[in-house]
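Structure, as structure tokens:
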Amino acid sequence: METTSAYTWTGKNRIERLELPMPQTPPGGLLLEVTANGICGTDQHLISREPRRPTVLGHEIVGRVVSFGTGHPRRDADDRPLREGDTVALFPWVPCHTCWACRRFGPGAATCTEAFVYGIPLDDIGLEGGVTGVSGDGPALTGGLGRHIAVQAGTYLWRVPEHVPTAVASLLDPLGVAVRAVDLARTNSGSWDETLTSDATAVVLGAGAVGLLTALVLRQVGVGTVVVSGSRPGRVQAARDIGADVVLDTAGSDAAARRKAVLDLTQGRGADLVIDAASRPAALGEALGMVRRLGTVIEVGNIVPGDHGITIDPALDVCQRNIRLIGMSFNPPRSYTEGMALLTQHDKIPFERLITHAHPFTAIDRALEDLTGDDTVKVTLTV
């Protein structure tokens, strides 16, 4: 029997290399040899707990097409032809296409309630979709930390152009988050609450990968002044290196000082747009304090429930100032199509500056350790 290997979450803070049966190519799907996988903070969060079953994590997946299953259209999500040997990046969600939300709003991670997700245990994110390839209590090759992965029928994927490095292509998933966050700020052209303009000021709270990618997207859509607020020396320097106009170091200032800096920059009005990409609940209150009247706040950083409450006055902080407050988690395939279009311009947009650590898959333990480093923005595993 032909086998492959996978780095498998088998216990609290424990990843083991296991030999597993080579998966069959699914009908309508394909077999992928994984060539890159970005490490997400969600992976670190999960590994710190006891798994319900041994699980192959990893959802920022890039790989080489080994074979197509019967009935696969051999085209990517942008309708470009695919052939064996091509490199593709995955949309990690497989929507069911049949639940009420898929029928009402169209299939996508932001809508589907019965989706399957690569590399993330469904019950950890409140989903009940089916997992193909799971037998008993054993692990299934459904994540990017496996050497191979059976890609289900209906999976959205994009062919990676030859000039785009695989490590850069693995940014597609967090870039999709950034694209979606910026797209949610759009209004009808010329409307009074438009915030994506050349005379606008946008603030991004959080200088991790999603926050810095959001800053890059804001620059690409033409926002005039981009401010990034974050901690850790390496991330603060990365924000400067990618061209943020103003960088606020949270290690050297409190929320009141950062609010004053934004008000001083905007003649006392406040920012037109604030996108919270920081994974701390208090950042939402900070965002509301920085935004101008009739401004927009997008909340994307706090998608994992916690037990830390915050105090917000709905009247003073939202209603009386006519704030648009929009929450988001996950993204539609359209955001990934936009993201791949941006990644093809990696020679002009400094995506590679965000990949601060690249390791072979055999160095998974070191990659996980690097996630907490002062100089870390993005950690990627490559072959």
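Data overview
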| read-out | value |
| --- | --- |
| Accessible-area value, D347, 1.4 Å probe, nucleic acids and ligands omitted, Å² | 110 Å² |
| J(HN,Hα) series, region 21-30, from Karplus relation 6.51 cos²θ - 1.76 cosθ + 1.60, nearest Hz, glycine and proline x | x, 4, x, 6, 6, x, x, x, x, 7 |
| Accessible surface, the chain, averaged per residue in Å² (probe 1.4 Å) | 43 Å² |
| The chain - mean residue ellipticity at 222 nm from DSSP helices (-39,500 (n - 2.57) per run, n ≥ 4, rounded to 500) | -6500 deg cm²/dmol |
| Under the Debye formula (equal points on every Cα, no solvent term), log10 I(q)/I(0) of region 203-253 at q = 0.24, 0.28 Å⁻¹ | -0.77, -1.03 |
| C-alpha long axis of helix 172-183 to longest principal axis of the chain, angle in ° | 30 degrees |
| Apportionment of accessible area to carbon and sulfur, the chain, percent (1.4 Å) | 49 percent |
| Region 238-383, relative contact order in percent, only Cα pairs under 8 angstrom and at least six apart counted | 16 percent |
| Heavy-atom SASA rank of E338, E16 (probe 1.4 Å, accessible area, largest first) | E16, E338 |
| With eigenvalues of the C-alpha gyration tensor scaled by 5 and rooted, the chain, Å | 36, 22, 20 |
| 0 to 90° range, to nearest 10: angle between helix 333-343 axis and the chain longest Cα axis | 80 degrees |
| Mean Cβ count within 10 Å, highest first, over the residues of peptides 252-264, 47-59 | 47-59, 252-264 |
| Crossing angle, helix 255-265 versus the chain [Cα axis fit, 0-90 degrees, rounded to tens] | 70 degrees |
| Shape of region 270-383, Cα gyration tensor, a/c cut at 1.5 | prolate |
| Burial order of peptide ranges 213-220, 75-82, 238-245 (average beta-carbon count within 10 Å, highest first) | 213-220, 238-245, 75-82 |
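The values are calculated or read from the model by the stated rules, or taken from the named source; none is laboratory data. Since the structure is predicted, the reported quantities are computational estimates derived from the model, not experimental observations. As a convention, Cβ positions derive from the backbone with ideal geometry for all residues, glycine included, and neighbour counts pool all protein chains shown. These accessible areas exclude ligands, DNA and RNA; they are computed on the full protein's heavy atoms, side chains included. Shrake-Rupley method; radii C 1.70, N 1.55, O 1.52, S 1.80 Å.
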